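This report concerns only the one structure given below.
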Amino acid sequence: MASTQFTLEKAGHQTQESEFFKPMPPGYAAGRHKYVVVFGTVMSGLGKGIFASSLAKQLKDKGLSVAPIKLEGYLNIDSGTLSPYRHGEVFVLDDGLETDMDLGTYERLLDQNLARENYATAGQIFRRVLDKERSGGYLGRDVQMIPHVTGEVKYLIRDLAVKQNADVVFIEVGGTVGDHENAFYIEALRELAFEEGPQNVCFAALTYIIEPPTLGEQKTKAAQLGLKKLLEAGVQPHLIATRSQQPLEKGSAEKIAMFSNVPPNRVFSMHDRASIYTVPSAMHEDGLDKAVIDILGLENKVDAKQEAANARDWRHFETMVTSTRAHTCRIAIAGKYAALRDAYASIDKALEHCGAHLSCNIQADWIDVTDIHPADASAALKDYHAVIVPGGFGHRGTETKIACVRHAREHKVPYLGICLGFQMAVIEYARHVCGTLDAASTEFLPHAANPVIDILPEQKKIEGLGGNMRLGGKDVLIKANSLAARLYGLPAEGGVIRERFRHRYEVDPRFIETLEAHGLVFSGRHPQQPIMQVLELPKAIHPYFVGGQFHPELLSRPLRPHPMFMGLVAAAVRQADKDVKDEAVLGWIR
Ligand code: GLN
């Protein structure tokens, strides 16, 4: 402890600056928090997020508190303005931050809600530095990458450790070692290790083993060169994980060990597996979690009892994921970015969770609504046992989405409307059940005569929102004796749940009475305002017709699959097999 303190002070003096530049958040106790840093070498797309989150899960399951942070190299401030074509889905956190899908991986595997401080971009960091510079915060000094930008990075990481009282902070460095964009992160983390002292920072490097089919053997040169780049930056990894199709051969492990100063027993094979959900246990079997505990000296924080119980639960889930399924069903997802699965990554995950829990082999097909004329929607959906209309923005494809809702409603095909899909269901109902044929959303028709979906700035003002998007976790009051109350496992009198929102438009309250008079039930509302958040049709009318103004997919977790998806999949199973007897399925649709 004393020597750690010494190094910290020394590092502070090194910059020859005032106290102000010491990258220490208030309340920071050196040695209290430990750090695992995950770098990727050779190429991107190695699954750093899965590696880091699986390892973090292993430590969390032993009773340690963990806090992940993703350090993004790009200059955007958040992911709100990124096209799903380029960057996959926008994942919204409970506090309203729009992040990228990697944070979803962490939330799901750790079963832990994350916050603003778990996500940093170069844009955020530079903005902090530049704001400080403009307000005279650097006292006339020239502002430099080192120590100011790197100081800011270290500050944010330590601040996260304090705010979330983390035993271990998991730091995932975006991009690949050797990129311009992340060089300052690598430097900052090297400094962090130096300042925190031995046993406080563990560097893990992910690398890629090439297996050219023409050679039929593993080639480690690219991995060696990638690791060398990390060593050149002054970072000596403590452990290495290799990505490959086949398990890492002994000779390959030895070569990598020799070129990187990492003992062979700390070179782990992270070869492809049937399911990512088997990665945490595979890590445990290979002793990767134990290695991290040793490197960071955390033995005394391990709760063996808790670890055993958590391992049992996870094994159970793994067995469900990997075993042969009893049921099958086909679900159509009628959206706009169908060609790009990443744009709806969380929907895929939510269905994956439900498929495991209900022992159902779900064939989810993404139907690109922009390719289909509204008149052909029914034909396109005829072989499906359920329909999802996911979230979306803009006019393109909306008439086909409405036609998809109509098909599901009229043919009694189970339906789940998500955000825009909720709004489409309201418009469809207004048009074809209430007879308001020109019902529309002002998102598509700014001067609509009957804007059942509209922007209602007044309501947002009451909620105290500055921007025009309603973002983040919000409470939803669920109506007594509703399908929603049953799905969420609430008592008959209903109750309050919490969901994640990302929308600008909503149901105009002027139309609620007519919609309800014609049989649509708004079973979830804002606790104080007339903001409609869940809709459903009574069982007597439709086997499963549900919509949420929020994104239920963002809250589905492996061991806690989302009830709206569970209900949909169960209904789809029964749609596929009217005589299904499985209680696990029937329990969701009674
Ligand atoms: N475009 C709609 C709105 O802004 C729906 C948003 C969404 O589906 N995420 O309200």
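What to note about this one:
- Answer from 281, 346 - the residue that is more than 30 Å from residue 548 (Cβ to Cβ), open to solvent by less than 30 Å² (accessible area, probe 1.4 Å) and among the small types (Gly, Ala, Ser): 281
- Test: residue 151 is closer than 29 Å to residue 30 by Cα, of a type in the set (Gly, Ala, Ser) and either touching a Pro at 6+ places or on another chain (Cβ under 8 Å) or in contact (Cβ under 8 Å) with a residue 40 or more places away in the chain (or both): yes
- Just one of the listed residues (496, 580) is modelled with pLDDT of 95 or more and open to solvent by less than 30 Å² (accessible area, probe 1.4 Å), namely 580.
- Residue within region 193-208 that is of a type in the set (A, V, I, L, M), crowded, with 24+ Cβ neighbours inside 10 Å and assigned to a helix (DSSP H, G or I) present: no
- Residue 266 surrounded by fewer than 22 Cβ atoms within 10 Å (Cβ to Cβ), among the basic types (Lys, Arg) and in contact (Cβ under 8 Å) with a residue 12 or more places away in the chain: yes
- Among the conditions (1) outside any loop (DSSP other than H, G, I, E, B); (2) open to solvent by 10 Å² or more (accessible area, probe 1.4 Å); (3) in contact (Cβ under 8 Å) with a residue 40 or more places away in the chain, the only one that residue 444 does not satisfy is (1).
- Output for region 96-151, where each listed residue is open to solvent by 60 Å² or more (accessible area, probe 1.4 Å), in a helix (DSSP H, G or I) and under 29 Å from residue 471 (Cβ atoms): 116, 127, 128, 130, 131, 134
- Note on region 504-548: residues that are in a strand (DSSP E or B), within 16 Å of the ligand (Cβ to nearest atom) and surrounded by fewer than 21 Cβ atoms within 10 Å (Cβ to Cβ) total 0.
- Here is the figure for region 394-409: residues that are touching a helix residue (DSSP H, G or I) at 6+ places or on another chain (Cβ under 7 Å) and part of a loop (DSSP other than H, G, I, E, B) total 2.
- Of everything in region 209-226 that is under 30 Å from the mean Cα position of the chain (by Cα) and touching a residue at least 40 places away in the same chain (Cβ under 8 Å), the residue that is surrounded by the fewest Cβ atoms within 10 Å (Cβ to Cβ) is 226.
- Candidate set from region 353-372 (those that are at pLDDT below 95 and part of a helix (DSSP H, G or I)); member that is surrounded by the most Cβ atoms within 10 Å (Cβ to Cβ): 369
- Condition check for residue 215: of a type outside the set (Ser, Thr, Tyr) and at pLDDT 95 or above: no
- When the residues of region 373-426 are filtered to those that are open to solvent by 10 Å² or more (accessible area, probe 1.4 Å) and among the hydroxyl-bearing types (Ser, Thr, Tyr), the one that is farthest from the ligand (Cβ to nearest atom) is 378.
- Selection of region 39-76 for residues being of a type in the set (D, E, K, R), part of a helix (DSSP H, G or I) and out of contact with any strand residue (DSSP E or B) (no Cβ under 7 Å at 6 or more places or on another chain) yields only 57.
- Every residue from region 155-176 that is open to solvent by 20 Å² or more (accessible area, probe 1.4 Å) and touching an Asp or Glu at 6+ places or on another chain (Cβ under 9 Å): 156, 159, 163, 164, 175
The values are calculated or read from the model by the stated rules, or taken from the named source; none is laboratory data. These figures come from a predicted structure and were not determined experimentally. Cβ sites come from the backbone with ideal geometry, for glycine too, and all protein chains shown count toward neighbours. With ligands, DNA and RNA removed, areas are computed over all heavy atoms of the protein, side chains included. Shrake-Rupley method; radii C 1.70, N 1.55, O 1.52, S 1.80 Å.
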